[in-house]
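The values are calculated or read from the model by the stated rules, or taken from the named source; none is laboratory data. Quantities reported herein were computed from a predicted structural model and do not represent experimental measurements. Backbone-built Cβ (ideal geometry, glycine too); neighbour counts: all protein chains shown.
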Amino acid sequence: MQERGGFARRLLVAALVVACLVAALVLFGRPNRQEQQASPTAARPEATVPPSNVAAEHAAKNGPREALPAEAWAILDLDLGRLGQLGTPLSGRLEALDCDQIPPPRRISVALLAPPARADGGAEGGDELEFLVTSTDATAAFRACARERMLAGGAVSEPWPGGIDVASRPGGLRLLSSGDGGPMMFASAPSWGTDALVEVLAGAHPSAARHGHHAALLASMTSALAPHAPAEDARPLPPLGDSSAVLLTVALPNGWVDGLVPPEDAARTPLRFLRAAAWALRDDGLFGLIDCQVTQDGSGCEALGRFFEDARDDLLSHAPGDQRSALIDGWSLRATAPYRLELRWRIPAEARARLLTRLVAGAL
């Protein structure tokens, strides 16, 4: 149990830490390991993309996920202001890396893209991950500073259709920014051509906010968290991201774990049953939906349930003894369908800050 719990904790820590480090690396223009490699050449797109005011309108309504592709494997939203209110050091860590004393955007989204495909149809080897980082509320001062840092690092700026400016550095790091207050994107994704990234930013590509599995997961979470209201009350529900400090959705293809770990580990880990998940860290605790592979004997969901209970126990080992009883009582994990688990964990404020600090700060 301890081994599984320890791995679960490391997995959860890695999800947050990787997102933070990538955001710090990419948003603030630090050199990356690919700096000395040749920059990929992308052809200018032939298709006309929507003007930047269309992208700005969609982004204002749907947030930074609007500028991320629907086929991403995982998307993590961070609300730095809410994280600070919850007592986590995460927001302060990013603010300490500000752009010439200009604070970063309040909300950012980080997308982990599918591994690049090899010519033989398999997944690309190695541990290089591809990320996109987007924001829809960056100030003009931050945009200007980010662009200046890119240019100072050797980037070449070029206008693209739709009023989008692209600054590309040697090594493949790119900054895309739409005018009229639209979204901005940092891309560390060599397998994506600039034309494809422009289409994503301009809203000409299916977005994670409105299409595919990520959007469906958020719709399910919004419905599950909505208070029961009279049937005649047809007011639209507020976006889930507006009330969550951290929002994570994961949508994985069949056999996803096989290309990431050795076969013997893939055959043992309960994560092989994971197909999709959505997590929201809110003011009152943690809410999650976990979709598992349907097996004839139901072992898939049972194994994932034990996995997350082990993760809980591992986290509780770092909580004060007088708070563990309340934390255990606040935990609820139940099956709501043959393929879905629902997790609700009420976390008292006095325990929340300590757990978050342990989860995040210890690995930064």
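In region 326-353, of all residues being out of contact with any Leu (no Cβ under 9 Å at 6 or more places or on another chain) and not in a strand (DSSP E or B), the one that is farthest from Ala311 (Cα to Cα) corresponds to Pro338. Pairs are defined by a Cβ separation below 8 Å, a sequence spacing of at least 6 or placement on different chains, a first member in region 280-297 that is part of a loop (DSSP other than H, G, I, E, B), and a second member that is among the small types (Gly, Ala, Ser) and surrounded by fewer than 19 Cβ atoms within 10 Å (Cβ to Cβ); the pairs so defined are Asp283/Ser243. Just the residues that are assigned to a strand (DSSP E or B), in contact (Cβ under 8 Å) with a residue 24 or more places away in the chain and over 23 Å from the mean Cα position of the chain (by Cα), please, taken from region 133-165. The answer is Trp160, Ile164.
Whether a residue is at pLDDT below 85 and either out of contact with any Pro (no Cβ under 7 Å at 6 or more places or on another chain) or of a type in the set (Phe, Trp, Tyr) (or both) was assessed, and Gly162 does not pass this test. When residues in region 87-114 are screened for being surrounded by 22 or more Cβ atoms within 10 Å (Cβ to Cβ), assigned to a loop (DSSP other than H, G, I, E, B) and modelled with pLDDT under 65, 1 of them pass.
Among the candidates Arg272, Arg268, Arg306, which residue alone is among the basic types (Lys, Arg) and under 23 Å from Ala215 (Cα atoms)? Among Arg272, Arg268, Arg306, only Arg272 is among the basic types (Lys, Arg) and under 23 Å from Ala215 (Cα atoms).
When region 261-279 is filtered for residues that are part of a helix (DSSP H, G or I) and either of a type in the set (A, V, I, L, M) or under 14 Å from Arg340 (Cβ atoms) (or both), the ones remaining, listed by number, are Ala266, Ala267, Leu271, Phe273. The single condition among (1) farther than 30 Å from Met184 by Cβ; (2) at pLDDT 80 or above that Arg235 does not meet is (2). Among the residues of this structure, Asp258 counts as one that is surrounded by fewer than 19 Cβ atoms within 10 Å (Cβ to Cβ), part of a helix (DSSP H, G or I) and within 23 Å of the chain's Cα centre (by Cα). Scan region 321-347 for residues that are of a type in the set (Ser, Thr, Tyr) and surrounded by 14 or more Cβ atoms within 10 Å (Cβ to Cβ) and the total you get is 1.
Pro170 fulfils the conditions (1) surrounded by fewer than 20 Cβ atoms within 10 Å (Cβ to Cβ); (2) under 17 Å from Ile108 (Cα atoms) except for a single criterion, (2). Select from region 239-295 the residues that are under 27 Å from Ser223 (Cα atoms) and among the charged types (D, E, K, R) and write down the one among them that is modelled with the lowest pLDDT. Out of the qualifying residues, it is Asp242. In summary, Ala209 fulfils each of the numbered conditions (1) more than 21 Å from Tyr339 (Cβ to Cβ); (2) surrounded by fewer than 23 Cβ atoms within 10 Å (Cβ to Cβ); (3) under 19 Å from the mean Cα position of the chain (by Cα) with the single exception of condition (2).
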